[in-house]
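The values are calculated or read from the model by the stated rules, or taken from the named source; none is laboratory data. What you are looking at is a predicted structure, and each value in this text was computed from that prediction instead of being measured. No Cβ is skipped: glycine too gets one built from the backbone with ideal geometry, and neighbour counts run over all protein chains shown. Accessible surface areas use protein heavy atoms only, side chains included; no ligands, DNA or RNA. Shrake-Rupley method; radii C 1.70, N 1.55, O 1.52, S 1.80 Å.
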Amino acid sequence: MTGTYNLAELFEQGVREHPDRECLVFGNRRLTYQQVTAEADALAAAFAGLGIEAGDRLAVDLPNWPEWVIALLATAKLGAVFVPLYPSLGYHELKYQLRNAEASLAVAAESLGELDYLELFEDLIGELPDLHYLITVGQEDFWYDDRVFQFSDLVTRGRRVGQVETRAGDPADTPLAMIYTSGTMGKPKGVVLTHRNLMFTARHMAETLSLTGEDRVLVSVPLFTVFGMQMVTTAFAAGGTVVLQSEFDPPEALDLIESERITVFPGVPTMFQLLMNDRSFGSRNLSTVRTGVVAGAPVSVDLVRRIRQWNDVQIAYGLTETGPTVSVTRFDDPAEMREKSVGRPIDGVEVRVADLTDGSLHGPEAVGELAVRGPNVMAGYHRMPSETKRSMTAEGFFLTGDLAIVDEDGYVTIVGRCKEMIIRGGYNVFPRELEDVLRTHPAVEDACVVGVPHEILGELICACVIPVEGAIVTGDELKDFSREQLPDYKVPDRVRFFDTFPMTGSGKVKRRELVQVVGLELSNT
């Protein structure tokens, strides 16, 4: 596959070829490729005027809004590093990630729901010496100081300055994004991804899905995830149109599919489940939908078959560290492989399975930890050289943490997870993080968090708790306590109280037994 692997260059190529084609659609806002690049150029010029340079980290804490995409392109034009953040992060997690990233500037909504981001970030600016500027997105006309600006005002200022010299000619191996993901023991790690990492997979996905400039991609997947970012860049690689949904809502998504004549709908399995469970689904006209991607969590054969009755999706597998795509099914794959596997590696990517005891690499048909090598593999974890080294084999393969089989034809089947991670609705949740929070509650003696199967969300989070002797506490109280310190997707769905936990001879909790107990109780409710 020839051509550029630099996002700024690729987008400018699209502008030259089809300047008047719709690029971004969001509600009543419709922006052509020419209009998007004009706003991104103006924002880049304004950023440069604030002293932002190549290599600086720019944090963006927004829902799926056009400003998110424009900020990404402006960052790429400057050769800076884009740091997308989950808009529902709690104060302490947000502070940690901004500090770890050494972000010079942050773009955030003025408010979301009941959360006042302006007030939140004003507090953070005082505590983070590297964070010099806050750029807000909203409608209110606030009075700001010399460190806080409105997004629209900056774009206007940038237009007056004129187009700044961009860094579109930078090598493709310079960093484009730093995306935070939960790592070992649930601690956030900043995954550094280069232009090549992200554009290599985007261009291959565009090719796999047979995308053209006529395609209209509905992006309901959160943009702060590597999946969401990839679907935007994949659409741009094909010269297509991106229709944004601020956050996934099944009835609204169905409305958008009909009104915007969507041809490509990607999502995590939970999104497809909720969409098809909507009471109006059967009466909707979804005839324009041609294909999509289902990824982010395990998907059952039954669900794939149901989806393909109206959307001929491909199943993809990947991680943030692999930019994200490792493997994907193709339209011409055998039917069985299109249902039961996650396809074959994209061209240029090698996969092997590593022995769980000695790390040696096996050939076909063996079960082991999936290892990946190729242009999609991250540059490393930010400020974590030891963790980066531990994640790689001597041969340069990245260890995914997932158990897999690779057959003789190259098809990859994921059979489990090496670690205890819970995947709830496409989000990764590590038990240790929630356990640590629960143990700080004065009424909790001990806690063990497990995942139990769920038809729609994939897994539910169940907090198994041993209360302090004599303490009175309810499950709802512990949920509220967790919600104060963690994002909503990490809050337990169920709280089950125990007198003691089943233990191994070495003093470890038998998590499998807890899963069986909780799962049996749920099945009887």
### Task
May I ask which of 187/389; 95/389; 95/490; 95/189; 95/187; 187/490 have a Cα-Cα span longer than 20 Å here?
95/389
### Query
By DSSP, what percent of the beta bridges with both residues in the range 1-116 are antiparallel, rounded to the nearest 5?
40 percent
### Task
Quick one: work out the % antiparallel among DSSP beta bridges in the chain, nearest 5.
60 percent
### Query
How large is ³J(HN,Hα) for each residue in the range 4-13, as worked out from phi by the Karplus curve 6.51 cos²θ - 1.76 cosθ + 1.60 (θ = phi - 60°), to whole Hz, x for Gly and Pro?
6, 10, 9, 4, 4, 5, 4, 5, 5, 4
### Query
Hey, of [x] 23.0, 72; [y] 28.9, 111; [z] 40.4, 133, which did the structure itself give for Rg and Dmax of the Cα atoms in Å when calculated?
[x]
### Query
Which percent of the accessible heavy-atom area of the chain goes to carbon and sulfur, probe 1.4 angstrom?
48 percent
### Query
Hey, can you rank 396-405, 70-79, 37-46 by average C-beta count inside 10 Å, highest first?
70-79, 37-46, 396-405
### Message
Keeping every protein chain present and rolling a 1.4 Å probe, give me the accessible area per residue for the chain in Å².
### Response
42 Å²
### Summary
Stretched fully, the stretch from residue 139 through residue 421 gains (0.36 nm per residue minus C-alpha distance, one decimal, in nm) 97.5 nm
### Query
How many angstrom separate the Cα center of the range 319-352 from the Cα center of the range 411-470?
28 Å
### Task
Any chance you could run the full-extension gain for residue 212 through residue 305? It's 0.36 nm times the residue separation minus the Cα-Cα distance, nm to one decimal.
30.9 nm
### Message
Using DSSP to call loops (not H, G, I, E or B), can you name the trypsin sites (Lys or Arg not before Pro) in the range 191-295 whose Cβ has at most 11 other Cβ atoms within 10 angstrom?
### Response
279
### Message
Full-extension gain between residue 350 and residue 503, please, as 0.36 nm times their residue separation minus the C-alpha to C-alpha distance.
### Response
51.1 nm
### Query
Rounded to the nearest 500, what is the chain's calculated 222 nm mean residue ellipticity when only DSSP H runs of at least 4 contribute -39500 (n - 2.57) each, over all residues?
-9500 deg cm²/dmol
### Message
Loop-only GluC sites (Glu not before Pro) in the range 297-347, please: DSSP not H, G, I, E or B, and at most 11 other Cβ atoms within 10 Å.
### Response
none
### Summary
Per its Cα gyration tensor (rounded if a/c is under 1.5, else prolate when a/b beats b/c, else oblate), the range 289-448 is best filed as oblate
